[in-house]
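The values are calculated or read from the model by the stated rules, or taken from the named source; none is laboratory data. None of these values were measured; they are calculated from a predicted model. Glycine also receives a Cβ, built like all others from the backbone with ideal geometry; neighbour counts cover every protein chain displayed. In case anyone asks, the SASA skips ligands and DNA or RNA and just uses the protein heavy atoms, side chains included. Shrake-Rupley method; radii C 1.70, N 1.55, O 1.52, S 1.80 Å.
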Amino acid sequence: MAKLSVRDLELTGKRVLLRVDYNVPMEEKNGVMVINDTTRIKETLPTLELLRAKGARVVLAAHLGRPDGKRESSMSLAPVAAKLGEMLGRPVAFVDETVGDKAEAAVAALKDGEILLLENVRFHAEEEANDPAFAARLARLADVYANDAFGAAHRAHASTSGAAQAIRAQGGPCVAGLLMERELKFLGDELDHPARPFVVILGGAKVSDKIKVIDRLLDKADTVLIGGAMAYTFKLAHGGKTGKSLVEKDHTGTALAAEAKAAKKGVKFLLPTDTVIADLKDTGKLNKKGRPVFEFVNPRVNVGDIPDDCEGFDIGPETTKAYAAVIAGAGTILWNGPMGMFEDPRFATGTNAVAQAVVAATQDSGAKSIIGGGDSVKAVNKAGLGDKVTFASTGGGASLEFLEGIPLPGVLALDDK
Ligand code: AMP
């Protein structure tokens with residue numbers, strides 16, 4: 001069901017509480033907290049520009065880090081207000097309180113088109129507890145509730161859920177921001193009615209993490225391509241040897257059931273035919289958890305059983321070629337999870353080649369490509385291809401839950417169109 005959006009409302013003089021995802025990576029440099037990556041701030045600019053054009057008085061609520069309900073100066077949002085002001089080219093006010101008299105006074109001082117950022121909502125334990133009294137105090141700050149924080153929408157917290165209910169109880173609308181609207185369009189509507197063939201690429205560490213997504217997408221996909229460590233559990237399920245590769249022995253049945261469902265539904269289900277393995281060399285060192293640290297040496301392509309003392313880290317060239325050919329013919333592509341341990345450049349070849357194939361299908365044959373969040377988005381960005389796909393989700397856990405078909409509290413909280 002489509003959700004009401006900021007675009008649908010007349011907002012002149014209205015106080016809009018906009019929940020945003022400003023959980024940006026920061027580090028301390030010479031005693032000052034510096035933002036390392038402004039992507040999440042940038043993603044909210046279109047909504048903020050629209051709200052300004054509509055004459056709204058914008059009150060931003062966000063969390064940063066895990067302060068566990070206590071004020072923690074290194075997790076203050078003050079540097080984010082300064083950076084946002086820089087990026088917008090006009091000042092953004094900041095109040096070092098989330099709710100209360102000072103926050104209310106700061107909101108009352110806003111003029112049409114101005115923006116105020118509240119202090120970190122997670123400085124209050126009531127935020128994560130979705131405490132109704134705290135939600136009501138947030139609701140006092142606004143006439144309208146809007147949410148652009150798709151990445152936090154799988155949490156039923158006060159700023160993602162309770163405040164919306166409280167504002168609705170005051171008679172105010174609860175709407176999606178432009179970013180939220182795009183997430184719902186691409187991960188929702190576009191995948192519900194995909195241009196065919198619909199090719200789903202799934203990778204990452206564990207079958208158990210992705211099985212619900214696999215199961216749901218088997219109802220819609222034409223072809224499923226499997227990569228990442230997850231593929232080794234399938235290999236094991238077929239009686240293959242997987243050496244020291246990451247496998248889930250107790251999920252071989254899950255893997256076989258997915259394949260059986262694919263066969264029943266007429267969905268092509270492709271598994272890697274070759275893999276990149278490496279030898280494990282004990283460094284004699286222990287990690288923080290007291291476990292031995294290994295180096296991965298002598299990477300090479302392997303077909304068939306993986307030797308006992310080796311580990312698999314990437315899909316091989318034959319698999320990459322076969323997957324690229326399927327991707328080239330796709331009408332819609334959904335990709336979730338890397339094809340290997342891409343953080344190590346020696347094992348990023350398969351993931352990068354799949355990213356290139358997805359971009360080529362998008363640019364050359366007009367396929368719709370949707371990157372479903374988390375590490376696959378990181379991998380696509382690392383390859384410098386983030387702006388060459390149709391849509392890259394900003395959610396990690398939220399994207400996965402949405403793709404599993406779980407209703408997200410932050411989405412449920414918004415008004416239907
Ligand atoms: P996920 O969060 O489930 O999408 O998994 C992403 C993680 O899986 C990344 O950190 C990858 O390094 C890791 N990964 C993917 N393939 C492998 C592999 N063959 N061996 C070990 N880790 C892998």
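Pairs are defined by a Cβ separation below 7 Å, a sequence spacing of at least 6 or placement on different chains, a first member in the range 235-250 that is over 19 Å from Ala278 (Cβ atoms) and part of a loop (DSSP other than H, G, I, E, B), and a second member that is at pLDDT 95 or above and within 13 Å of the ligand (Cβ to nearest atom); the pairs so defined are Glu248/Thr233. Among the criteria (1) away from the ligand (no atom under 11 Å from the Cβ); (2) part of a helix (DSSP H, G or I); (3) open to solvent by less than 20 Å² (accessible area, probe 1.4 Å), the one Val199 does not fulfil is (2).
Among the residues of the range 3-22, which ones are open to solvent by 50 Å² or more (accessible area, probe 1.4 Å) and not hydroxyl-bearing (Ser, Thr, Tyr)?
Initial filter on the range 3-22 (open to solvent by 50 Å² or more (accessible area, probe 1.4 Å)): 7-8, 10, 12, 14-15.
Correct list: Arg7, Asp8, Glu10, Lys14, Arg15.
The lone criterion from (1) within 25 Å of Ile211 (Cβ to Cβ); (2) open to solvent by less than 10 Å² (accessible area, probe 1.4 Å) left unmet by Ala361 is number (1). State whether one or more residues within the range 74-86 are open to solvent by 50 Å² or more (accessible area, probe 1.4 Å), among the hydrophobic types (A, V, I, L, M, F, W, C) and in a strand (DSSP E or B). Looking through the range 74-86, none of the residues is open to solvent by 50 Å² or more (accessible area, probe 1.4 Å), among the hydrophobic types (A, V, I, L, M, F, W, C) and in a strand (DSSP E or B).
Among the conditions (1) away from the ligand (no atom under 15 Å from the Cβ); (2) under 22 Å from the mean Cα position of the chain (by Cα); (3) surrounded by fewer than 16 Cβ atoms within 10 Å (Cβ to Cβ), the only one that Lys289 does not satisfy is (2).
Given the structure, is Val297 part of a strand (DSSP E or B) and either open to solvent by 70 Å² or more (accessible area, probe 1.4 Å) or of a type outside the set (Gly, Ala, Ser) (or both)? When the stated conditions are applied, Val297 passes them. Among the residues of the range 229-273, count how many are open to solvent by 50 Å² or more (accessible area, probe 1.4 Å), among the hydroxyl-bearing types (Ser, Thr, Tyr) and more than 16 Å from the ligand (Cβ to nearest atom). Residues in the range 229-273 being open to solvent by 50 Å² or more (accessible area, probe 1.4 Å), among the hydroxyl-bearing types (Ser, Thr, Tyr) and more than 16 Å from the ligand (Cβ to nearest atom): 0 in total.
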